[in-house]
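Enquirer: For reference, the structure I am asking about is given below.
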Amino acid sequence: MKGIVYDGKTTSLVDGLTLREPGPREVIVQIAAAGLCHSDISYMNGLYPVPSPGVCGHEAAGVVAQVGNAVTHVQPGDHVIVATLAACGFCEFCMDGRPTLCRSTLANWSQPFTLDGAPIYNFAATSAFAERTVVRDVQCVKIPKDVPLTSAALVGCGVVTGMGAVFNRANVKRGQSALVFGVGGVGLNVIQALKVQGATTIIAVDTVLEKESLAKQFGATHFLDGRREDLVTAVGEIMPYKDDMPRGPFNAGGVNWAFDCVAHPAVTYNALECLDWGGTVVVIGVAGQTAEFKGLYGRLTQVDRGIIGCRYGSISPQRDIPYIIDLYRRGDVLLDELVSATFPVGNWEDAVHGLESGTVARAVITF
Ligand SMILES: NC(=O)c1ccc[n+]([C@@H]2O[C@H](COP(=O)([O-])OP(=O)(O)OC[C@H]3O[C@@H](n4cnc5c(N)ncnc54)[C@H](O)[C@@H]3O)[C@@H](O)[C@H]2O)c1
Ligand SMILES: [Zn+2]
Ligand SMILES: [Zn+2]
């Protein structure tokens with residue numbers, strides 16, 4: 001079968017992959033569509049400390065092809081979104097609804113594929129850029145068959161990462177204000193979750209100006225050019241301390257929340273500078289393992305500001321994915337509009353160019 005393999009240096013489409021049989025609690029999913037997330041590009045660029053050669057991709061939806069003999073919640077023919085969390089289901093974090101903290105969900109590499117007899121790793125416990133993949137049963141979330149699989153695929157990472165950061169990690173309250181750096185597949189979902197939560201000021205920031213209309217379509221109330229040197233001042237003018245005073249004592253004024261979907265030191269610094277008293281920066285973007293950021297201690301202590309990270313929207317897939325699909329079916333969140341373009345797997349490099357140009361919401365690869 002076909003799949004996109006990163007060999008530690010280059011990435012290419014191969015034919016001739018084989019996949020092992022499922023274990024008792026595993027499922028083989030026939031991938032229908034897979035979104036290209038920025039984390040896939042980071043993997044292909046060698047930024048992640050994970051082994052290769054591996055089959056790329058981790059944001060997918062498809063049809064259950066085969067189940068292990070202990071799988072009960074899905075059966076062949078079911079449509080599923082594949083979550084990347086291969087959680088154990090038994091530890092204190094799984095029991096507490098925090099499977100993103102389950103120790104089995106990181107560094108749990110295996111080699112379920114072979115190519116010309118050589119073993120090939122999976123990526124993010126998913127490997128969605130292949131015609132079929134094998135995942136744990138807990139990773140499959142059944143969805144109604146009327147949800148287009150090209151839209152559903154994006155829920156597997158970008159959607160849950162952005163929306164979950166707002167719902168779970170931050171728990172934004174109605175009437176609050178927020179700043180969102182990076183209007184990509186993740187940032188757009190931060191924006192639409194903020195709207196669902198009733199945030200009243202949602203300021204989107206991107207260096208690509210074409211993103212303004214997308215940001216506003218998803219719920220942003222303002223858009224700022226991320227290249228502006230006076231960005232912090234501009235945010236103060238939108239959310240001033242007082243009508244005639246953009247910032248007050250100890251940098252009062254600004255926003256309650258800043259979501260950093262970029263992870264660049266200048267962005268994280270600005271995010272902290274834009275917070276009102278009591279505000280929090282939520283870092284979602286993934287930087288290189290040794291990349292550092294800086295900020296003023298005084299901002300944290302004075303007054304009660306913070307910086308937190310968020311992995312995969314801190315979600316519990318079987319709880320949060322059906323909720324998001326429900327919001328979509330009620331018309332409260334947009335999924336179809338996230339699909340800027342679809343590419344048959346043979347044209348996967350066009351999807352990469354689309355993402356790197358910064359102009360697409362999501363490019364989706366189909367099988
Ligand atoms: N924490 C997690 O679990 C998790 C999950 C998925 C993705 N990610 C990470 O989130 C980040 C975003 O992913 P994505 O798929 O949305 O990427 P994307 O490429 O779709 O979007 C990134 C956006 O950021 C913009 N941008 C770049 N530099 C900027 C700057 N200095 N200021 C403002 N905007 C800027 C780009 O123009 C683009 O619109 C990536 O780092 C990705 O690896 C993290
Ligand atoms: Zn666990
Ligand atoms: Zn991702």
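Enquirer: Take D116 and decide whether it is among the acidic types (D, E), more than 14 Å from ligand 2 (Cβ to nearest atom) and in contact with a Cys (Cβ under 9 Å, 6 or more places away or on another chain).
Expert: No.
Enquirer: Please enumerate the residues belonging to region 82-98 that are within 16 Å of ligand 3 (Cβ to nearest atom) and not β-branched (V, I, T).
Expert: Selection gives A83, L85, A86.
Enquirer: Among the listed residues Y312, Y328, Y297, identify the single one that is among the aromatic types (F, W, Y) and surrounded by fewer than 17 Cβ atoms within 10 Å (Cβ to Cβ).
Expert: That would be Y297, the only listed residue that is among the aromatic types (F, W, Y) and surrounded by fewer than 17 Cβ atoms within 10 Å (Cβ to Cβ).
Enquirer: A further question on this structure: R25 - would you say it is surrounded by 14 or more Cβ atoms within 10 Å (Cβ to Cβ) and touching a Ser or Thr at 6+ places or on another chain (Cβ under 9 Å)?
Expert: no
Enquirer: Here's something else I'd like to know. Looking at this structure, is V303 more than 16 Å from ligand 1 (Cβ to nearest atom) and outside the structural domain of G35 (by TED's automatic domain parsing)?
Expert: yes
Enquirer: Hey, among the residues in region 240-293 that are of a type in the set (V, I, T) and surrounded by fewer than 22 Cβ atoms within 10 Å (Cβ to Cβ), which one's farthest from ligand 2 (Cβ to nearest atom)?
Expert: Filtering first and then ranking leaves T290.
Enquirer: For region 185-234, give me each residue that is more than 12 Å from ligand 1 (Cβ to nearest atom) and either among the aliphatic types (A, V, I, L, M) or surrounded by 21 or more Cβ atoms within 10 Å (Cβ to Cβ) (or both). Walk me through it before giving the result.
Expert: Going residue by residue through region 185-234, those that are more than 12 Å from ligand 1 (Cβ to nearest atom) are 192-202, 213, 216-222, 229-230, 232-234.
If the condition is that a residue be more than 12 Å from ligand 1 (Cβ to nearest atom) and either among the aliphatic types (A, V, I, L, M) or surrounded by 21 or more Cβ atoms within 10 Å (Cβ to Cβ) (or both), then Q192, A193, L194, V196, A199, I202, F218, A220, V232, A234 are the ones that fit.
The rows are residues; the columns are (1) within 16 Å of ligand 2 (Cβ to nearest atom); (2) touching a Lys or Arg at 6+ places or on another chain (Cβ under 8 Å).
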{"position": "A32", "(1), (2)": "no, no"}
{"position": "P51", "(1), (2)": "no, no"}
{"position": "A86", "(1), (2)": "yes, yes"}
{"position": "F90", "(1), (2)": "yes, no"}
{"position": "M95", "(1), (2)": "yes, no"}
{"position": "R103", "(1), (2)": "yes, no"}
{"position": "A107", "(1), (2)": "yes, no"}
{"position": "D137", "(1), (2)": "yes, yes"}
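Enquirer: Tell me, which residue of region 331-343 that is small (G, A, S) and within 24 Å of T359 (Cα to Cα) is surrounded by the fewest Cβ atoms within 10 Å (Cβ to Cβ)?
Expert: Residues of region 331-343 small (G, A, S): 331, 340-341.
Right, trim to within 24 Å of T359 (Cα to Cα) and you get 340-341.
Details: S340: 16, A341: 13.
Selected residue: A341.
The values are calculated or read from the model by the stated rules, or taken from the named source; none is laboratory data. This one's a predicted model, so the numbers in the text were calculated from it and none came from an experiment. Every residue, glycine as well, gets a Cβ built from its backbone with ideal geometry; the counts of neighbours run over all protein chains shown.
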